[in-house]
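Chemist: Just dropping this structure here.
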Amino acid sequence: QVQLVESGGGLVQTGGSLVLSCAASGIDLSSSYMSWDRQAPGKPRELVATMISRGMTNYANSVKGRFTISRDNAKNTAYLQMNSLKFEDTAVYYCHARNWGYDYWGQGTQVTVSS
């Protein structure tokens, strides 16, 4: 059974930092496509950052240079390092993995950036 458990969300000031974690079980993240997505109230879900199984990454323009997606293969855990947070980064953030044609999602974790 695949499970993605997210943690690390919270309330931060503008300019602050947070690290989101996504602990995976039942799936090997090192062989998976991974992404972090976010959804703000009243807005569609937005792709924030991606990583393919070999480690290449891509980022939405809105977070490029501020966010970093990474993976610890030994811990089978993905991370999203978020720096220089802005008010518009406020959203529920979701960990996503795709493996063998199936998509799996974490429960989401709230990130709130105060102005």
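The values are calculated or read from the model by the stated rules, or taken from the named source; none is laboratory data. Computed from a prediction, not measured in an experiment: that's the story for all the values here. Methodologically, a virtual Cβ is constructed for each residue, glycine included, from the backbone with ideal geometry; neighbour enumeration extends over all protein chains shown. Areas reflect the complete protein model, heavy atoms only, side chains present, ligands, DNA and RNA absent. Shrake-Rupley method; radii C 1.70, N 1.55, O 1.52, S 1.80 Å.
Chemist: Can you sort TRP36, TRP100 by solvent-accessible area, 1.4 Å probe, largest first?
Modeler: Descending accessible area places them as TRP100, TRP36.
Chemist: When Rg is the radius of gyration of the Cα atoms in segment 23-115 and Rh is its Kirkwood radius, what does Rg/Rh come to?
Modeler: Using Cα coordinates only, the ratio equals 0.96.
Chemist: Right, here's the next one. Through the Karplus equation 6.51 cos²θ - 1.76 cosθ + 1.60, θ set to phi - 60°, convert the phi angles of segment 95-108 into ³J(HN,Hα) values in whole Hz; use x for Gly and Pro.
Modeler: So the J values, rounded to whole Hz, are 8, 9, 9, 10, 8, 6, x, 10, 10, 10, 10, x, 7, x.
Chemist: Which one, VAL2, ALA49, GLY108, is farthest towards the positive end of the dipole of the chain when Lys and Arg carry +1 and Asp and Glu -1 on their Cβ?
Modeler: Comparing the listed Cα positions along the dipole, ALA49 ranks first.
Chemist: How much of the accessible area of segment 35-115, in percent, comes from carbon and sulfur atoms when a 1.4 Å probe is used?
Modeler: 51
Chemist: In whole Å, how far is the Cα centre of segment 39-53 from that of segment 89-115?
Modeler: 7
Chemist: With every protein chain present, what is the per residue accessible area of segment 1-91 (1.4 Å probe, Å²)?
Modeler: Using a 1.4 Å probe on heavy atoms only, each residue of segment 1-91 averages 52 Å².
Chemist: Sticking with this one: Pull out the extension gain between LYS75 and VAL19, defined as 0.36 nm times the separation in residues minus the alpha carbon to alpha carbon distance; nm, one decimal.
Modeler: Extra length from LYS75 to VAL19 when fully extended: 18.6 nm.
Chemist: Compare the peptides 52-59, 92-99, 72-79 by average per-residue count of other Cβ atoms within 10 angstrom and give them in order, highest first.
Modeler: With the highest mean Cβ count within 10 Å placed first, the list reads 92-99, 72-79, 52-59.
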